[in-house]
Structures are given as C-alpha cells and as structure tokens.
Amino acid sequence: MSVQLNHTIVHSRDNRESAEFLAHVLGLEVGTEWGPFVPVDTSNGVTLDFATVPVESITVQHYAFLVSEEEFDAAFGRIREAGVTYFADPHGEQPGEINHHHGGRGLYFLDPAGHGMEIITTPYTFPEQQQQR
C-alpha cells in the first residue's frame, strides 16, 4: 500500500459549527459525531475530524481543497450567499476577488476558528515538481 493521508484533526472553538460551516461551503455531509470529533469526509477518503479545544490552543492552519469547475461555482455561490469574506490571496490583501493561478480559479476564506481555507480548480505545480515527474 502506498502512503496516504487518512484523517487530520482540526482544532475549533465549536466542532459542530466548524464542521457544518465547511461541509456547507464544499457541499459535503457532516458525519456522525464520534467521541470528541465531528467528521467531514472528502471524496478522496481524507476525513477532517473537528475537535473543540480551548481558544488559546488553536494554532491557525491552512487547508486547500481541489474542486471541479462546477464545484467551485457552487461553493463560490454558497460563500457569497452566506456573506463570507473571501480573498484572491492568502494574506487577505485582495478582498472580494478570486485568482487564476496555474490556469484555474481559486479563493481563500476563513472558517469560524480562523483557519485559512482555500478552494482551487487546478493543483499548484512548480518547476521543480515538473522535473521530478
């Protein structure tokens, strides 16, 4: 078996709120709560297990999701409908814009715990990665 990411724990102020927020934006289902975790499964088998922790224990992370053009349109619509602030860049210097990096579309937004979330339609590739393939 090749190495695969199976799950990761995402710290949040409220596990249910954060899981439902991300699931709504991405058009996914919230799984059944298991112990301290509220899971959101992605289509490639990776589960994000949201766990409530004290606010001072949250280290802000970045999570990027590769989506189809149709999924991007749907997620972008839900982001705008919910009034979620979005940016074309990870530093929040281009609010209300999307980017077109690597020939696709992308945007950044924050989840309720302050984690940086990103949706992209084309995976990022860099010259050194092309040479390794």
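The values are calculated or read from the model by the stated rules, or taken from the named source; none is laboratory data. Remember, it's a predicted structure, so these values are computed and weren't measured experimentally. So basically every Cβ, Gly included, is an ideal-geometry build from the backbone, and we count neighbours across all protein chains shown. The accessibility values were calculated without ligands, DNA or RNA, using every heavy atom of the protein model including side chains. Shrake-Rupley method; radii C 1.70, N 1.55, O 1.52, S 1.80 Å.
Going through the range 88-109 one residue at a time, which ones are touching a strand residue (DSSP E or B) at 6+ places or on another chain (Cβ under 9 Å), open to solvent by 40 Å² or more (accessible area, probe 1.4 Å) and in contact (Cβ under 8 Å) with a residue 12 or more places away in the chain?
The answer is PRO90, ILE98, HIS101, HIS102, ARG105.
Condition check ((1) open to solvent by less than 80 Å² (accessible area, probe 1.4 Å); (2) over 17 Å from GLU118 (Cβ atoms)) across all residues:
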residue: GLU20; (1), (2): no, yes
residue: GLY27; (1), (2): yes, no
residue: GLY45; (1), (2): yes, yes
residue: PHE76; (1), (2): yes, no
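Name, by its number, the condition in (1) part of a helix (DSSP H, G or I); (2) of a type outside the set (Gly, Ala, Ser); (3) open to solvent by less than 50 Å² (accessible area, probe 1.4 Å) that does not hold for GLU71.
(3)
Would the range 56-69 turn up any residue that is under 14 Å from GLY114 (Cβ atoms) and free of Cβ contacts under 8 Å to residues at least 12 places away in the same chain?
As a first pass, look at the range 56-69 and keep what is under 14 Å from GLY114 (Cβ atoms): 56-63.
From what's left, free of Cβ contacts under 8 Å to residues at least 12 places away in the same chain: 56.
Yes, the conditions are met somewhere in the range 56-69.
When you scan the range 82-109, how many residues do you find that are touching a Phe, Trp or Tyr at 6+ places or on another chain (Cβ under 6 Å) and either part of a strand (DSSP E or B) or not β-branched (Val, Ile, Thr) (or both)? Talk me through it step by step, then tell me what you get.
Going residue by residue through the range 82-109, those that are touching a Phe, Trp or Tyr at 6+ places or on another chain (Cβ under 6 Å) are 84, 86-87, 90, 94-95, 102, 105, 107-109.
Checking which are either part of a strand (DSSP E or B) or not β-branched (Val, Ile, Thr) (or both) leaves us with 86-87, 90, 94-95, 102, 105, 107-109.
Going through the range 82-109 one residue at a time, the tally reaches 10.
Quick one: would you say PHE72 is at pLDDT below 95 and aromatic (Phe, Trp, Tyr)?
The answer is no for PHE72.
Would you be able to tell me the number of residues in the range 11-40 that are touching an Asp or Glu at 6+ places or on another chain (Cβ under 7 Å), closer than 23 Å to ARG78 by Cβ and assigned to a strand (DSSP E or B)?
2
What are the pairs with Cβ atoms under 7 angstrom where one residue, in the range 2-14, is over 13 Å from PRO54 (Cα atoms) and the other, located anywhere, is open to solvent by 100 Å² or more (accessible area, probe 1.4 Å)? Sequence gap at least six, or different chains.
Taking only residues 6 or more apart or on different chains, not a single pair turns up.
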